[in-house]
There are 4 protein chains.
Amino acid sequence: MESAILKISCRDRKGLIAGITNFVYSNSGNIITLGEFVDPETKLFFMRIEWELNGFKIKTRDLPREIGKLAEKLGFSDLWEIFYSDIKPRMAIFVSKYDHCLYDLLLRHKAGELKCDIPLIVSNHQDLKKVADAFKVDFKHIPSENKEESEKMQLELLKKCKIDFIVLARYMQVLSKDFVSHFESRIINIHHSFLPAFEGAKAYHQAHERGVKIIGATSHFVIKTLDQGPIIQQGVVSASHKDTIDDLMTKGRDIERTVLADAVKLFIEHRIFVSGNRTVIL
Amino acid sequence: MESAILKISCRDRKGLIAGITNFVYSNSGNIITLGEFVDPETKLFFMRIEWELNGFKIKTRDLPREIGKLAEKLGFSDLWEIFYSDIKPRMAIFVSKYDHCLYDLLLRHKAGELKCDIPLIVSNHQDLKKVADAFKVDFKHIPSENKEESEKMQLELLKKCKIDFIVLARYMQVLSKDFVSHFESRIINIHHSFLPAFEGAKAYHQAHERGVKIIGATSHFVIKTLDQGPIIQQGVVSASHKDTIDDLMTKGRDIERTVLADAVKLFIEHRIFVSGNRTVIL
Amino acid sequence: MESAILKISCRDRKGLIAGITNFVYSNSGNIITLGEFVDPETKLFFMRIEWELNGFKIKTRDLPREIGKLAEKLGFSDLWEIFYSDIKPRMAIFVSKYDHCLYDLLLRHKAGELKCDIPLIVSNHQDLKKVADAFKVDFKHIPSENKEESEKMQLELLKKCKIDFIVLARYMQVLSKDFVSHFESRIINIHHSFLPAFEGAKAYHQAHERGVKIIGATSHFVIKTLDQGPIIQQGVVSASHKDTIDDLMTKGRDIERTVLADAVKLFIEHRIFVSGNRTVIL
Amino acid sequence: MESAILKISCRDRKGLIAGITNFVYSNSGNIITLGEFVDPETKLFFMRIEWELNGFKIKTRDLPREIGKLAEKLGFSDLWEIFYSDIKPRMAIFVSKYDHCLYDLLLRHKAGELKCDIPLIVSNHQDLKKVADAFKVDFKHIPSENKEESEKMQLELLKKCKIDFIVLARYMQVLSKDFVSHFESRIINIHHSFLPAFEGAKAYHQAHERGVKIIGATSHFVIKTLDQGPIIQQGVVSASHKDTIDDLMTKGRDIERTVLADAVKLFIEHRIFVSGNRTVIL
């Protein structure tokens, strides 16, 4: 069943929900699901509404224009996005040498859990090419010696492959501000700690040293400042004095992959809104 | 800020959300939050919408009549309920001898977590009178020797105290069908297991014997068949071979009180819908 | 660092720990870890002790005989087992068509998490042969039309491959009593529910119908009565009214694989004791 | 059943466990439980052993002397402590105005969960006197205007009441280095965040601002540097964009009290060892 998904985030005002749902109804659309949130502090309004396109009176090619008109009328011009359930987002996966998150994403994709296309895997190492091959995904090796050069190549590749969003599946390189600006709120990273605890590298070493009784993982959007972007999802697992750093890493892999997969699913379903440095999930 | 909460559950059809939100908007209501769900199997539609009464054009005393008209127009006659944030639900707590859930509810109420009134505690034993006294809540001792007689007394008392809903906080008596029918979907019980595992009495003994590695608690509405009503909330905690039955009981008390408090909060906020033998929480 | 692991389960009596630790010490063994448990109900004693073989005075080939003498002296004859860290247990994986648990075990093995050998995958279908091939594990297709016949073939194969224990990674066949008797407390199954809730097939359908707010998975030893063997590990994840049966299955896959992997790790590390229908994990 | 509990932490060496268990056995003691741990990094050995005193040949009054001799022989002089199950530790609770942790500890004590005496509650405010009264515990109000003065009074009071350990149940004062030095590794604090995230005051405000999806609480020993002492226990609960700071506080109270109670139980059972800035729990 084909559907349209409209995301809106704008200043709250009376009549937004009525205006939007009436737009759908008066064009014979059947609402599948509607989520909304008003932030009591910022007075910002967030809405995700999905309706069946079967029987909907406005043609898909005309929909952006008609929503544009509606937006102007209701006062949320330029603060909306429209998606269609039959157009799968295109995801690029960036990896280095760790394979657990990559395998996890590819297996979930294979199992039908992730409704996206994966046309491209990029790595600064050759190691994971065989994994990409096994799942028949294009693998590009772009060494990281010259960051400026390699990011230029990456950006060209991403453009050529029409990539919508990037997942850093334990990619061990810091992206430049310029690179990030091309994919604002469209780069998802997995950090191997319960942020903001243990930012930076060697998070498990830090956790071990501090003697924490719970370790975690955090998926978040990448912004210019490392490990400080809006948090999408977090997960935890118990630890004890018996856990060596290796044990923590092993335990951590399980949460890392789950927490990353959760974020990817939410992104693909167009459920994540960025609000300042926080996310709203509808 | 005073608000109105409208709950609707009816057969799904196009235009329901638009019709309802437009009703609120056209009467100058500002929507605070809207939750909805369509069950893909039963095609039932559930909605909870809350809006500010400040500035709303329809007077509170006229609101039921006006919603009645709307309901007729949109086809959900008799399938709605209206609540007001400034009218607190009145809760009666039924207890026997265990005090942990009682204390928990009274303390949360005192802390402002439970926005309800507690005019009455009923028990088939005298033991917990002193707890009720400490929190200045009326305590009625109704012995359980003659169930018919005692239930009659209870019903009169509940009526007199204008009780909206009953919480069985480890009340060790089975209620009759007749009693339950007076408070359909308005009696919340806490069962000391992860239902449907270990129904009936001595759930921790059963759990211990089966050697489970996790124990749980379940809050649910009471229906005629014991331990089989719609589940509202469940919680779990780890167990091991080291746990004696006493240990399980101790661990269990923590989840029992949390899971019961969660259910009570959801009820008070008018978030629970019963759909067959399941609940929808909005 | 090579080590020996001694497991003992016998009737409790004074002097067991002293006698055993003294045996290790007086032969210059350095204890790495010692876990013990006395069941207050059954008065059974369980112990797992691991010590370094480097510098240990008794030769490995003489160790069983010497422990036999000790056991006779201390009264736990025939109630002990000895293992060596450099002899990896040999695991056979039985599968049908679901691949998530199989992939998970093979990936964990590849990552070094599971310190065992996997010489054999057995299936009643051809579907997962390519997964076995990708990980270079021998795959045997034994159709299940004639259970007696196929179990005979399986037993021969298991014997030939010197299999120590079997993991049923969502294997959709019921094993006969006779088959089970060959691998008592050495067949690990993953059941897709929080046992004892929802025994039998279609556990997610049952969970959906009952409207539970948490779903689970259970790894357990296989005994003659299906889904009733000693529980090794359990895990849970939240569910809601929004989850379809497919959603529950997707969520369930994550817990199934984690809970199964946990059980396999505990088995490989010789940490699981069976005590009646319960397990003791040291 | 009366028992003795011996705690040892010393440099690891061969023969410790054999020597100690043999000491118990040769004096006719029956071991109830034995936990041990060797830290692979520091090579430190930790052991907690509990045995029945019924039938034990050494008289309780002679036990310290005899263990002293054993310690000298085995090389752990001065690195052991002995406790008796029938001598309950004496706990003082320090509070300010928040009552949830205080109520929780008093209710658990009343329910028999905490096997300690509570002769004293100290507060810098009068507010919680009535809670102390309701549970018939002595309440001392010591205003905090002059820290030096008030700590002097507190120390005298603690001495007079023969207090073994102090629990800071949301006590909003920083203790001086001098005060802490009198109760080294015997002051337990509850911090309202998942340390090391959000140290200092207003942890829930910080968590809200950072937009975390999980909040936590941490119980730890107090050392001179605030919020940096050895962690005993941690707990977490999910959060979302919908949670206001008040919601986080409400959710937080539940974990705070559980995590604090866990730490208190572990302390009372003599299960916590401090090793550098980490804890070992046996």
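Let's see how each residue does on (1) in contact (Cβ under 8 Å) with a residue 60 or more places away in the chain; (2) out of contact with any Ser or Thr (no Cβ under 6 Å at 6 or more places or on another chain); (3) not in a strand (DSSP E or B):
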| position | (1), (2), (3) |
| --- | --- |
| B:L34 | no, yes, no |
| B:F37 | yes, yes, no |
| B:T42 | yes, yes, yes |
| B:F46 | yes, no, no |
| B:N54 | no, yes, yes |
| B:I58 | no, yes, yes |
| B:D62 | no, yes, yes |
| B:R65 | no, yes, yes |
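Do the conditions hold for B:G29, that is, is it facing another protein chain (nearest Cβ under 10 Å), within 21 Å of A:F46 (Cα to Cα), touching a residue at least 40 places away in the same chain (Cβ under 8 Å) and not acidic (D, E)? Spelling it out, it is not the case that B:G29 is facing another protein chain (nearest Cβ under 10 Å), within 21 Å of A:F46 (Cα to Cα), touching a residue at least 40 places away in the same chain (Cβ under 8 Å) and not acidic (D, E).
Among the residues here, C:G200 qualifies as free of Cβ contacts under 8 Å to residues at least 60 places away in the same chain and assigned by TED's automatic domain parsing to the domain that holds C:I188.
Does B:R48 satisfy the criteria of being more than 19 Å from A:I31 (Cα to Cα) and more than 10 Å from chain A (Cβ to nearest Cβ)? Step through it out loud before you land on a result.
Numbers: more than 19 Å from A:I31 (Cα to Cα): no; more than 10 Å from chain A (Cβ to nearest Cβ): yes.
When the stated conditions are applied, B:R48 does not pass them.
Just one of the numbered conditions (1) crowded, with 17+ Cβ neighbours inside 10 Å; (2) out of contact with any helix residue (DSSP H, G or I) (no Cβ under 6 Å at 6 or more places or on another chain); (3) not in a strand (DSSP E or B) is not true of D:D78; which one? If we test D:D78 against (1) crowded, with 17+ Cβ neighbours inside 10 Å; (2) out of contact with any helix residue (DSSP H, G or I) (no Cβ under 6 Å at 6 or more places or on another chain); (3) not in a strand (DSSP E or B), just (1) comes out false.
Of note, A:K140 does not satisfy the criterion of being at positive phi, in the same structural domain as A:T258 (by TED's automatic domain parsing) and more than 21 Å from the chain's Cα centre (by Cα). Restricting the search to strands (runs of 3 or more DSSP E) fully inside the stretch C:225-282 and requiring at least 1 residues that are free of Cβ contacts under 8 Å to residues at least 60 places away in the same chain and surrounded by fewer than 20 Cβ atoms within 10 Å (Cβ to Cβ) gives C:231-238, C:278-281. Taken as a whole, the condition of being hydrophobic (A, V, I, L, M, F, W, C), in contact with a His (Cβ under 8 Å, 6 or more places away or on another chain), facing chain D (nearest Cβ under 8 Å) and closer than 21 Å to D:Q206 by Cβ applies to A:I232.
When restricted to residues that are surrounded by 21 or more Cβ atoms within 10 Å (Cβ to Cβ) and more than 14 Å from A:V95 (Cα to Cα), the stretch A:159-178 contains 1.
If I filter the stretch D:140-161 for residues that are within 14 Å of chain B (Cβ to nearest Cβ) and out of contact with any Pro (no Cβ under 6 Å at 6 or more places or on another chain), do I get at least one hit?
no
Which of the strands (runs of 3 or more DSSP E) found entirely inside the stretch D:92-195 contain at least 2 residues meeting this: in contact (Cβ under 8 Å) with a residue 60 or more places away in the chain? Qualifying strands (runs of 3 or more DSSP E): D:165-168, D:187-191. Tell me whether the stretch C:84-104 contains one or more residues that are within 14 Å of chain D (Cβ to nearest Cβ) and surrounded by 16 or more Cβ atoms within 10 Å (Cβ to Cβ). Taking every residue of the stretch C:84-104 in turn, none turns out to be within 14 Å of chain D (Cβ to nearest Cβ) and surrounded by 16 or more Cβ atoms within 10 Å (Cβ to Cβ). Counting the residues of the stretch B:196-218 that are facing chain C (nearest Cβ under 9 Å), part of a strand (DSSP E or B) and touching a helix residue (DSSP H, G or I) at 6+ places or on another chain (Cβ under 8 Å) gives 2.
Just for the stretch A:1-32: of the residues that are assigned to a loop (DSSP other than H, G, I, E, B) and closer than 12 Å to A:N54 by Cα, which one is modelled with the lowest pLDDT? Here the residue is A:M1.
Of all positions in the stretch D:239-256, none carries a residue that is more than 7 Å from every other protein chain (Cβ to nearest Cβ), over 30 Å from B:K265 (Cβ atoms) and out of contact with any Lys or Arg (no Cβ under 8 Å at 6 or more places or on another chain). If you go through the stretch C:130-140 one residue at a time, do you hit one that is surrounded by fewer than 19 Cβ atoms within 10 Å (Cβ to Cβ), within 20 Å of C:E184 (Cα to Cα) and not β-branched (V, I, T)? Among the residues of the stretch C:130-140, not one is surrounded by fewer than 19 Cβ atoms within 10 Å (Cβ to Cβ), within 20 Å of C:E184 (Cα to Cα) and not β-branched (V, I, T), which makes the answer no.
Residues of the stretch A:191-225 that are within 17 Å of the chain's Cα centre (by Cα) and more than 22 Å from A:G276 (Cβ to Cβ): A:H192, A:A217. Here the condition is being under 19 Å from D:P89 (Cβ atoms) and within 13 Å of chain A (Cβ to nearest Cβ); of D:D262, D:D227, it holds for D:D262 alone.
The set of residues in the stretch B:214-224 being surrounded by 23 or more Cβ atoms within 10 Å (Cβ to Cβ) and either closer than 17 Å to C:I214 by Cβ or acidic (D, E) (or both) consists of B:I215, B:G216, B:A217, B:T218, B:S219, B:H220.
Taking the stretch D:182-195 as the range and being within 12 Å of chain A (Cβ to nearest Cβ) and not polar (S, T, N, Q) as the test, the residues that pass are D:F194, D:L195.
Per-residue answers, yes or no, for (1) farther than 26 Å from A:I281 by Cα; (2) among the hydrophobic types (A, V, I, L, M, F, W, C):
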{"site": "A:S193", "(1), (2)": "no, no"}
{"site": "A:P196", "(1), (2)": "no, no"}
{"site": "A:H205", "(1), (2)": "yes, no"}
{"site": "A:H208", "(1), (2)": "yes, no"}
{"site": "A:S219", "(1), (2)": "no, no"}
{"site": "A:Q233", "(1), (2)": "no, no"}
{"site": "A:V236", "(1), (2)": "no, yes"}
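Of the residues in the stretch B:114-123, at least one is within 14 Å of another protein chain (Cβ to nearest Cβ) and under 19 Å from the mean Cα position of the chain (by Cα). When each of C:L128, C:L74 is tested for being over 23 Å from the mean Cα position of the chain (by Cα), among the aliphatic types (A, V, I, L, M) and over 22 Å from C:F267 (Cα atoms), the lone residue that passes is C:L74.
The values are calculated or read from the model by the stated rules, or taken from the named source; none is laboratory data. The shown structure was predicted, so the numbers you read here are calculated from the model rather than taken from an experiment. Virtual Cβ from ideal backbone geometry, glycine too; neighbours counted across all protein chains shown.
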